[in-house]
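Enquirer: Starting off with a structure, shown below.
Derivation of every value follows stated rules applied to the coordinates shown; laboratory data play no part. Everything numeric in this text was worked out from a predicted model, so none of it was measured. Neighbour counts are summed over all protein chains in view; Cβ atoms, including those assigned to glycine, are modelled from backbone coordinates with ideal geometry.
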Amino acid sequence: METQALNLQTSAVAARSAATVLAVTSGKGGVGKTNIAANLAICLAAAHRRVLLMDADLSLGNLDLVLDVRSRYNLSHVVSGRKRMEDVIQAGPQGVQIICGASGLDRLADLTDGEQHRLIENLCRLQHEADTILIDTPAGISKSVMGFCLAADRVLVVTTPEATAMADAYGMVKVLVRKQYPGTISLVVNMARSETEGRQTYQRIAGVAHRFLQANLYYAGTLLKDERLCAAVRSRTPVVLAYPRSQISTALAALAARLGSPRHWSDEDGSFFRRVVRWLN
Ligand SMILES: Nc1ncnc2c1ncn2[C@@H]1O[C@H](COP(=O)(O)OP(=O)(O)OP(=O)(O)O)[C@@H](O)[C@H]1O
Ligand SMILES: [Mg+2]
């Protein structure tokens, strides 16, 4: 397994001159990964990035619902070898290229090492077709989730201020550090009641990670709890398209700007942010 993870890391590093791969993940489920990944993808595409968005969930993928795309073929067909990754790509909003996950009926088991290797190799082949590849992973620290995270250049861990979500976010960071993940780990706090609550949540997790794991955890930002996001999910339209001028859409654009900046995780790179905000308005 260690060799496998190392090989996956090596293939990602070899192709690093192409797309940056960002895995959006979490310890606890239902914290907002899919919505964050989908909206980030749209913001990045609106700022002229070529974006590939992949739902890496092989049992309960629901990116297709959030983006309202219908897919005949999905990741399960790539895993089984019936289709190539290129053949299951769908066109989404703002030109985002989408690879849908599998639904419950298609597959329930975790990936074997060989299957995961094939998937990641397929993804690496697409690295020259995109500037950014976003992977929306399932929750938890299963072998396949860790495989996707270890193969990514950057990992964005999503948490909420809830104690259980925070503990599980820390658990995810701990496993990444133990597996000697060489990339950058960043934290976004979703469904916070205020910026202050979000920042304090980050500080608590980052403090513990620093003290016990000697790990640096970057602050990607805070997204407030917002009923408009739920309304957007109900209407199957990503919130940045349904409510482009809302506070949450502006915060998602800022997050995209930060994550998309070459001076990564620095919020001083205003030009990209201005482009996204101009597009939202
Ligand atoms: N900022 C927010 N404000 C209000 N509600 C939110 C926010 N973010 C997410 N939600 C709610 O949480 C639900 C779950 O979000 P989402 O599907 O993106 O989570 P997830 O982490 O991908 O879940 P899973 O672990 O099952 O893949 C959304 O349908 C929405 O109702
Ligand atoms: Mg999800």
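Enquirer: Which ordering of Lys33, Lys174 is given by a fewest-first count of other beta-carbon atoms within 10 Å?
Expert: Ascending Cβ contact count within 10 Å gives the list Lys174, Lys33.
Enquirer: Which residues' amide hydrogens lie under 5 Å from the amide hydrogen of Val21, considering only partners 5 or more residues apart or on another chain, with H built in the peptide plane?
Expert: Excluding prolines and chain starts, which carry no amide H, the hits are Ile133, Asp153, Arg154.
Enquirer: Still on this structure: Which of Thr20, Thr184, Thr137 has the fewest other C-beta atoms within 10 Å, and how do the rest follow up to the most?
Expert: Result, fewest neighbours first: Thr184, Thr20, Thr137.
Enquirer: Also: Any idea what the dipole of segment 2-263 comes to, in debye rounded to 20, about its Cα centre with Lys/Arg Cβ at +1 and Asp/Glu Cβ at -1?
Expert: For segment 2-263, the charge dipole is close to 380 debye.
Enquirer: Another question about this same structure. Ordered by residue, what ³J(HN,Hα) values in Hz, to whole numbers, does segment 168-180 give under the Karplus form 6.51 cos²θ - 1.76 cosθ + 1.60, where θ = phi - 60° and Gly and Pro are x?
Expert: Rounded to whole hertz, the list is 6, 5, 4, x, 5, 4, 4, 5, 4, 5, 4, 8, 6.
Enquirer: Spin-label point model (7 Å from Cα, Cβ direction): what's the Val69 to Lys143 distance in nm?
Expert: 2.9 nm
Enquirer: Return the sequence-ordered ³J(HN,Hα) values of segment 52-58 in whole Hz as given by the Karplus equation 6.51 cos²θ - 1.76 cosθ + 1.60 applied to θ = phi - 60°, using x for Gly and Pro.
Expert: Ordered by residue, 3J(HN,Hα) equals 10, 10, 10, 8, 8, 7, 9 Hz.
Enquirer: Taking amide hydrogens as modeled 1.01 Å from N in the peptide plane, which residues meet the under 5 Å criterion relative to Tyr218, leaving out close sequence neighbours?
Expert: Ile185, Ser186, Leu187
Enquirer: Can I ask one more? By per-residue mean of other Cβ atoms within 10 Å, what is the highest-first order of 150-163, 82-95, 110-123, 34-47?
Expert: 34-47, 150-163, 110-123, 82-95
Enquirer: Give, in whole angstrom and from largest to smallest, the semi-axes √(5λ) of the equivalent ellipsoid of segment 2-263, with λ running over the eigenvalues of the Cα gyration tensor.
Expert: Its equivalent ellipsoid spans semi-axes of 25, 23, 17 Å.
Enquirer: If I take every Cα pair under 8 Å that is 6 or more residues apart in segment 2-263, average their sequence separation and divide by the length, what percent do I get for the relative contact order?
Expert: It rounds to 25 percent for segment 2-263.
Enquirer: Also: Relative contact order, percent, of segment 125-254 when contacts are C-alpha pairs under 8 Å separated by at least 6 residues?
Expert: 19 percent
Enquirer: Still on this model: Give the order of Phe212, Phe148 when sorted by the count of other beta carbons within 10 angstrom, beginning with the fewest.
Expert: Phe212, Phe148
Enquirer: Separate question: Sticking with the crude label model, points 7 Å out along Cα→Cβ, report the distance from Glu121 to Ala91 in nm, one decimal please.
Expert: Modelled inter-label distance: 3.1 nm.
Enquirer: What residue among Gly30, Ala251, Ser142 has its Cα farthest toward the positive end of the dipole of segment 2-263, where the charges are +1 on Lys, Arg and -1 on Asp, Glu, each on the Cβ?
Expert: With unit charges placed on the Cβ atoms, the residue in question is Ala251.
Enquirer: In terms of modelled amide H atoms, which long-range or inter-chain residues lie less than 5 Å from the amide H of Asn190?
Expert: Correct list: Thr159, Thr160, Leu223.
Enquirer: Please compute the length gained on full extension between Ser235 and Arg178, using 0.36 nm multiplied by the number of residues separating them and subtracting their Cα-Cα distance.
Expert: Contour length minus the Cα-Cα distance gives 16.4 nm.
Enquirer: Quick one: Karplus J couplings for segment 189-194, per residue in order, coefficients 6.51, -1.76, 1.60, θ = phi - 60°, nearest Hz, x for Gly and Pro?
Expert: With coefficients 6.51, -1.76 and 1.60, one gets 9, 9, 6, 7, 8, 7 Hz.
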